Ligand SMILES: [Zn+2]
Ligand SMILES: [Zn+2]
């Protein structure tokens with residue numbers, strides 16, 4: 001079929017997204033075609049343009065945070081029907097590899113290929129200017145239609161608004177799971193969340209669900225500090241120094257039980273002040289993606305070891321997509337999860353470069369591209 005999509009032809013050059021005509025093939029084995037309601041715009045998409053995630057291939061169709069309705073089934077599809085509502089998971093889970101079977105589906109082996117530039121079977125579904133186009137995360141939601149493998153699809157109930165549910169494909173579980181699972185927050189804990197955008201706000205919600213007593217957020221943007229309170233922050237401050245003073249006061253000088261870093265781009269210098277704020281035996285979680293060339297981290301190793309702290313990486317919030325995506329939908333339905341408030345502004349696909357600039361400027365918690373459904 002013919003439609004449009006937002007592509008990058010020269011990754012890493014800050015050329016911006018080109019919205020142009022594309023051709024999408026029919027679904028092959030174990031694939032479905034989905035008409036999307038919306039696509040979130042995530043920093044990871046922008047990393048391709050800035051080069052923080054270097055891609056040795058092009059062109060790429062961006063977007064990895066979508067939800068929509070299944071329109072067509074390819075051969076060998078089981079468990080899905082035309083008309084099903086699905087969230088697209090930015091990392092697939094096959095259900096039978098080692099990581100899936102030991103309860104670490106966020107690290108499904110199939111996910112290793114999401115930036116290889118092909119569908120999981122090594123071929124292209126999207127074509128532009130006579131060339132095969134690689135999808136971001138096997139998805140490519142910067143188009144009103146996608147053809148994707150069913151291992152990337154998680155079925156949800158039809159009463160959940162799809163334009164909101166799109167966010168449950170990446171930013172929501174990444175932040176929420178970082179607090180729920182990666183940090184393993186205990187009832188009554190003091191938690192610091194560094195950076196409250198489309199990921200960090202959900203870490204705030206996760207900390208609330210875990211029963212944290214104090215949830216301190218750090219963000220330089222006044223609007224985000226204000227919004228953090230709506231998501232459950234008990235205190236929100238501008239910088240590390242203010243947070244350190246506050247946490248020290250709250251904890252008799254002990255420090256925070258948990259610090260979670262959910263900034264837009266991770267750099268080495270952010271880690272040590274976060275460690276200093278973490279109490280002895282506490283946990284520091286790093287969720288944000290860093291530029292792949294970022295290797296140097298000034299870190300007080302002596303204190304780190306001698307005070308028994310834990311540094312925990314968090315990919316996709318350590319969630320199990322097939323368990324947690326429907327669970328988040330259920331929490332939303334019960335009024336216990338804020339999705340609507342995450343969406344600051346909606347855009348047409350043609351406005352994607354404006355939307356990305358707004359994200360870079362810190363204007364949005366999440367900007368979302370909406371499609372006519
Ligand atoms: Zn993302
Ligand atoms: Zn797997």
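Within segment 26-58, the set of residues being over 22 Å from the mean Cα position of the chain (by Cα), outside any strand (DSSP E or B), in contact (Cβ under 8 Å) with a residue 12 or more places away in the chain and more than 16 Å from ligand 2 (Cβ to nearest atom) comprises 26, 27, 28, 29, 57, 58. When segment 299-343 is filtered for residues that are assigned to a strand (DSSP E or B), buried (at least 16 other Cβ atoms within 10 Å of the Cβ) and within 16 Å of the chain's Cα centre (by Cα), only 343 remains. Considering only residues in segment 1-16 that are touching a helix residue (DSSP H, G or I) at 6+ places or on another chain (Cβ under 9 Å) and touching a residue at least 60 places away in the same chain (Cβ under 8 Å), the one that is surrounded by the fewest Cβ atoms within 10 Å (Cβ to Cβ) turns out to be 16. Kindly evaluate residue 19 against the criterion of being within 18 Å of residue 87 (Cβ to Cβ), more than 16 Å from ligand 1 (Cβ to nearest atom) and touching a residue at least 40 places away in the same chain (Cβ under 8 Å). So residue 19 fails the test. So, of the residues in segment 349-373 that are in contact with a helix residue (DSSP H, G or I) (Cβ under 9 Å, 6 or more places away or on another chain) and part of a loop (DSSP other than H, G, I, E, B), which turns out to be farthest from residue 17 (Cα to Cα)? Per the criteria, the residue is 373. Taken over segment 206-226, residues that are under 17 Å from residue 186 (Cβ atoms) and assigned to a helix (DSSP H, G or I) amount to 4.
A single member of 140, 206 is closer than 21 Å to residue 61 by Cβ and away from ligand 2 (no atom under 16 Å from the Cβ), and it is 140. Could you list, in sequence order, the residues of segment 183-220 that are surrounded by fewer than 24 Cβ atoms within 10 Å (Cβ to Cβ) and modelled with pLDDT of 95 or more? Passing the criteria: 186, 187, 188, 189, 208, 209, 210, 211, 213, 214, 220. Looking for something in a strand (DSSP E or B) and in contact with a helix residue (DSSP H, G or I) (Cβ under 8 Å, 6 or more places away or on another chain) - is there at least one such residue anywhere in segment 264-282? Scanning segment 264-282, I find no residue that is in a strand (DSSP E or B) and in contact with a helix residue (DSSP H, G or I) (Cβ under 8 Å, 6 or more places away or on another chain), so the answer is no. Residues of segment 61-90 that are within 16 Å of ligand 2 (Cβ to nearest atom) and farther than 22 Å from residue 163 by Cβ: 79 alone.
The values are calculated or read from the model by the stated rules, or taken from the named source; none is laboratory data. Predicted model only: the values in this text are computed from it and were never measured. Note that each Cβ is placed from the backbone with ideal geometry, even for glycine, and that neighbours are counted across all protein chains shown.
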